[in-house]
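Notes follow the structure.
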Amino acid sequence: MSFVHLAAAAGYTTPALSRILTKSGYFLGLCGAVGSTVTYAAAVRPALRAPQNEPADAAALRRRMSLYLAWAGVVLLVAGYFELAARRAGRSKPLGDSLAPGRLWDFLRAPAAKGTWVAQGTVYLVQNAVLLLASAVLVALFVPRVRRHLDVLALTALPLALAGTLVAGIPVTAPKDADHVLDPLLDQVHIVSGTVWVGGLALLATLAAARGRLSENAGVLWADLWRRFSLVALVCVGAVLTSGLWMGWKHVGGISQLWTTTYGTFLLVKVALVLSMVVAGGVNQFWLMPRIARARRADSAASLLDLTLRHFPRVVWLEVALGVGVLAVVPFLSGSARSQAGSPPAVSSGGILAVGVLLVLTLAASLYITVRTSDALSRRSGLATP
Ligand code: HEM
């Protein structure tokens, strides 16, 4: 019996190829726009402003950063258009029928359904208007003379790209209980933290590939860059795990459903990919960071350059590949393991929320310990990370 029949027999609907491509494409587009602008604001821009940098290194990275963001604008525009068409098509219509701008405009202008406070089309209209603005701001960076405004454009595109996903999470019916507030909220926390993590990794791996155009002293700049991003990544890991566990609980009614249902199996594959990313990140945090600190202490520009621009990016490219794998699995998380297994829907209670709070505190504590341990390892090598 083929996979499709097995899945159908188990009440699982395999998404159409067009839906797989449009959904993964949309989240890749968000990785490019949200992930890169947040990483630019939190890690790249502060590192580039450090006084000890070689001006030529900072200029080379700013040029590459500008081009990367410009292409991220193009990807966001195309992926956003196809995602909108896929939303119009839903599960019933072929995607091709929804690609015509006129049909999309009618979809966006459709009147509000009964019981809603706003038309779903209007929410999508606002979302796509914001995404269009974000793309336009980013694409402007293709123009060389506009690139001296990289800071302003990147920091303008950031809130626009963020709003581009957050607006889509606005419920069109008044939430009737806590779950109807927590579900869309944690879904957006999940999307933003996931796309910043994967998008930031992809950006820095691509910037690091400019190694051949950088001076032999660029290691100091990159040591600072990787350190700053590792803090961003740690926060994202905490947020994506917390929100992922909430959504996992909502869709999976018992551990055994992870291998007895198709939905569960895809989630298991996804979690395995994410855990592999965390392990790879751990190699950088606990193995490479202390060696970078030691090289800095020894003032060895050559080994600093080798560690920050050869070894570190190699591990990061692996994380990027795993992250893209995660986004490729996401469209297969359609339906729910609970409904496949005939389990009742999950409804939160005070007890569940208390466990959730405890989980968040435990995760925060473990991330704090991670930072302190990595610092201690670096200090033992004689110098805290820069
Ligand atoms: C790199 C890490 C991760 C990324 C980039 C990521 C990304 C995503 C994205 C983009 C969605 C779709 C949200 C939507 O359609 O509204 C999603 C859904 C989901 N994710 Fe993740 N995720 C990650 C890690 C995790 C982890 C660690 C878990 C579990 C512990 C998890 C569990 C889920 C679940 C249950 C869904 C809901 C799917 C549904 O709507 O049925 N994710 N994830």
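Give, as a single signed number, the net charge of other residues whose beta carbon lies under 12 Å from the beta carbon of LEU104, with Lys and Arg counted +1 and Asp and Glu -1.
+1
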- prompt: Can you pull out the trypsin sites (Lys or Arg not before Pro) in the range 82-183 that DSSP calls coil and that have at most 15 other Cβ atoms within 10 Å?
  reply: ARG91, ARG109, LYS114, LYS176
field: Normalised convex hull volume, the range 59-187, alpha-carbon set, Å³ per residue
entry: 129 Å³
statement: One finds the C-alpha centres of the range 54-78 and the range 304-358 to be spaced, in Å, by 28 Å
- prompt: So what are the ³J(HN,Hα) numbers for the range 245-251, from phi and the Karplus equation (6.51, -1.76, 1.60; θ = phi - 60°), rounded to whole Hz, Gly and Pro as x?
  reply: 5, 4, 5, x, 5, 5, 9
- request: Find the accessible area per residue for the chain; the probe is 1.4 Å, ligands and nucleic acids are left out, and the unit is Å².
  value: 47 Å²
- request: Provide the per-residue ³J(HN,Hα) series for the range 350-366, in order, calculated from phi with Karplus coefficients 6.51, -1.76, 1.60 and θ = phi - 60°, each as a whole number of Hz, with x at glycine and proline positions.
  value: x, x, 4, 5, 5, 4, x, 4, 4, 4, 4, 5, 4, 4, 4, 4, 5
- request: May I ask you to list the aspartates and glutamates whose Cα is less than 16 Å away from that of LYS93, ignoring any residue fewer than eight positions away on the same chain?
  value: GLU83, ASP106
query: Counting only protein heavy atoms and using a 1.4 Å probe, what share of the accessible area of the chain belongs to carbon plus sulfur, as a whole percent?
result: 69 percent
query: Could you give the radius of gyration (one decimal) and Dmax (whole number) of the Cα atoms in the range 37-88, in Å?
result: 15.6, 52
- line: With x for Gly and Pro, the residue-by-residue ³J(HN,Hα) of the range 16-30, computed from phi through the Karplus equation 6.51 cos²θ - 1.76 cosθ + 1.60 at θ = phi - 60° and given in whole Hz, is 5, 4, 4, 6, 4, 5, 5, 6, 4, x, 4, 6, 5, x, 5
query: In whole Å and largest first, what semi-axes does the C-alpha gyration tensor of the range 3-380 yield when each eigenvalue is scaled by 5 and square-rooted?
result: 37, 27, 18
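The values are calculated or read from the model by the stated rules, or taken from the named source; none is laboratory data. Keep in mind that this is a model prediction, so the values were computed, not measured. As a convention, Cβ positions derive from the backbone with ideal geometry for all residues, glycine included, and neighbour counts pool all protein chains shown. Surface accessibility is based on the protein's heavy atoms, side chains included, excluding ligands, DNA and RNA. Shrake-Rupley method; radii C 1.70, N 1.55, O 1.52, S 1.80 Å.
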